[in-house]
Structures are given as structure tokens and as C-alpha cells.
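Bear in mind that the values in this text are calculations on the coordinates, not laboratory data. Quick caveat: nothing in here was measured; it's all calculated off a predicted structure. A quick note on method: Cβ atoms are made from the backbone with ideal geometry, for glycine too, and the neighbour counts reach across all protein chains shown.
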């Protein structure tokens, strides 16, 4: 019977996505891009057709961007990035 160290050595570990390894959440990537563009969350909300409160909830990570693909597509279009840049 293999010991626990042998058993763990035989398991294949999946590589973590690059952004997670760097500590970048999708909401952080979006906030960085917004800052880089010199725009505000109010501007972003107007471009996307959402309320500023809704945009704030997503950009602060209180709701996951992956769970709302419609919001994510609008966000990427407004920030001129792709979903690959975000995730």
C-alpha cells in the first residue's frame, strides 16, 4: 500500500489559471482597465445600460461575472477587451 506522500505524488495536479495564480480576479482586471481608460463606474454604467449600483456590485466582486454572461459581454464591449482578457 502506498504511503500518503507516494499517493499524492502520483496524482496529476491541474495547473491553475494564470490570473488566479497572480491574484487577479476578473473584477480586478475590469477595474484596472477602467482606471487605465480614465473612466468612472458611472460612465461604465451609462455605456452598458445598467445602474451604477449594479456595476459597483460586480466590479467589487460581490457577484461573480461568470454567472452573468450578458453583463460580461456588455462589460467587455464597453472596456474594449475580450472575455479572454477578463478570465
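Multiplying the sequence separation of residue 28 and residue 41 by 0.36 nm and subtracting their Cα-Cα distance, what value in nm do you get? Before the final figure, lay out each step's value.
Working: separation 13, 0.36 × 13 = 4.68 nm, distance 1.31 nm.
Extra length available between residue 28 and residue 41 comes to 3.4 nm.
Which order, highest average first, do 74-83, 36-45 follow once you tally other Cβ atoms within 10 Å for each residue and take the mean per peptide? Intermediate values should be presented prior to the final figure.
Details: 74-83: 16.4, 36-45: 14.2.
Top to bottom by mean Cβ count within 10 Å: 74-83, 36-45.
Cα convex hull of the stretch 17-86: mean projected area in nm², to one decimal? Present the calculation step by step, with values, prior to reporting the outcome.
On the way: hull surface 17.2 nm².
Here the figure is 4.3 nm², rounded to one decimal.
Can you sort 70, 87 so the residue with the fewest Cβ neighbours within 10 Å comes first?
Working: 70 7, 87 14.
Fewest-to-most Cβ neighbours within 10 Å comes out as 70, 87.
Would you calculate the separation in nanometres between label points at residue 84 and residue 67, each defined as 7 Å from the Cα along the Cα-to-beta-carbon direction?
2.8 nm
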